[in-house]
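The values are calculated or read from the model by the stated rules, or taken from the named source; none is laboratory data. The shown structure was predicted, so the numbers you read here are calculated from the model rather than taken from an experiment. Methodologically, a virtual Cβ is constructed for each residue, glycine included, from the backbone with ideal geometry; neighbour enumeration extends over all protein chains shown. Ligands, DNA and RNA are stripped out before the accessible areas are found, and what is left, the full protein with its side chains, is counted by its heavy atoms. Shrake-Rupley method; radii C 1.70, N 1.55, O 1.52, S 1.80 Å.
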Amino acid sequence: MVQVLVLNASYEPLNITTWRRATVMMLKGKAEGLEHDPNHCLRGDFHVPTVIRLRQYVHVPFRQLALTRRNLFHRDNHCCQYCGCRGGQLSIDHVLPRSRGGGDLWENVTTACLRCNVRKGNRTPQEANMPLRRKPHRPMGHLSFEARRQIDSGQRADWAKYMIGA
């Protein structure tokens with residue numbers, strides 16, 4: 001199934017939708033196609049869109065991304081932030097342990113393999129002499145996660161120029 005990046009009238013990424021919904025929006029005049037898939041043709045010379053832009057600006061209220069196990073692993077690319085190993089059993093580590101006042105915040109949690117998590121124990125990374133590969137941060141949102149996955153997999157390289165900062 002071909003996915004389509006939907007941009008606001010200001011070229012700000014809004015959503016990812018199906019090619020069918022994007023085509024209907026284009027046929028109704030609500031959106032214009034910016035990028036098309038040359039390998040998928042609907043009829044004649046009408047190619048399936050991969051990026052569309054709405055003709056009218058839509059105000060979208062800001063919503064923060066929820067701190068969940070899945071989102072955290074996705075942010076850290078399913079990789080231990082101490083040793084860099086992938087796969088295996090990953091866990092959530094609190095940079096400042098909860099027993100020492102550390103909370104469940106994007107800036108205080110990171111992905112760690114079980115071995116590193118046990119080795120670090122109830123200490124900070126500095127005390128355990130285990131520096132983090134990347135400082136924990138709050139991600140922009142779900143759309144940037146999904147778009148980055150599509151771009152990195154090579155399926156939607158044409159989305160990269162619209163996903164600045166993702």
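Each Lys or Arg adds one and each Asp or Glu takes one away; over the other residues whose Cβ falls under 12 Å from the Cβ of ILE16, this sums to +3. Within the shell defined by Cβ-Cβ distances under 14 Å, the residues around ILE52 carry a net charge of +2, with Lys and Arg each +1 and Asp and Glu each -1. Excluding ligands, DNA and RNA, the accessible surface per residue across the chain is 62 Å² with a 1.4 Å probe. Remark on the chain: ratio of C-alpha radius of gyration to 2.2 N^0.38 Å is 1.32.
Relative contact order for the chain: 19 percent, from Cα pairs under 8 Å spaced at least 6 residues apart, divided by residue count. The helix-only estimate of mean residue ellipticity at 222 nm for the chain, built from DSSP H runs of length n ≥ 4 each weighted as -39500 (n - 2.57), is -5500 deg cm²/dmol after division by the residue total. Selection among LEU42, PRO97, LEU72 by position relative to the dipole of the chain gives PRO97 as farthest towards the positive end (Cβ unit charges, Cα centre). The apolar share of the surface of the range 19-64, taken as the fraction of accessible area on carbon and sulfur atoms (1.4 Å probe, ligands and nucleic acids excluded), comes to 50 percent.
Note on the chain: with a GNM built from Cα contacts shorter than 10 Å, the maximum mean-square fluctuation among GLU146, GLU127, GLU12 falls on GLU127.
Rounded to whole numbers, the Karplus 3J(HN,Hα) couplings from phi for the range 130-140 are 10, x, 6, 6, 9, 5, x, 8, 7, x, 5 Hz, using 6.51 cos²θ - 1.76 cosθ + 1.60 with θ = phi - 60°, and x at Gly and Pro. Rounded to the nearest 10 degrees, the angle from helix 142-152 to the longest Cα principal axis of the chain is 80 degrees.
Taking label points 7 Å from Cα along the Cα-to-Cβ direction, ASP45 and LYS28 give a separation of 2.7 nm. Averaging Cα coordinates gives a centre for the range 1-44 and one for the range 97-166; these two points are 31 Å apart.
Please sort 63-74, 35-46 by packing, taking for each peptide the average over its residues of neighbouring beta carbons within 10 angstrom, highest first.
Peptide ranking by packing, descending: 63-74, 35-46.
Label-to-label distance, GLN89 versus ARG138, with points set 7 angstrom from Cα along the beta-carbon direction: 3.3 nm.
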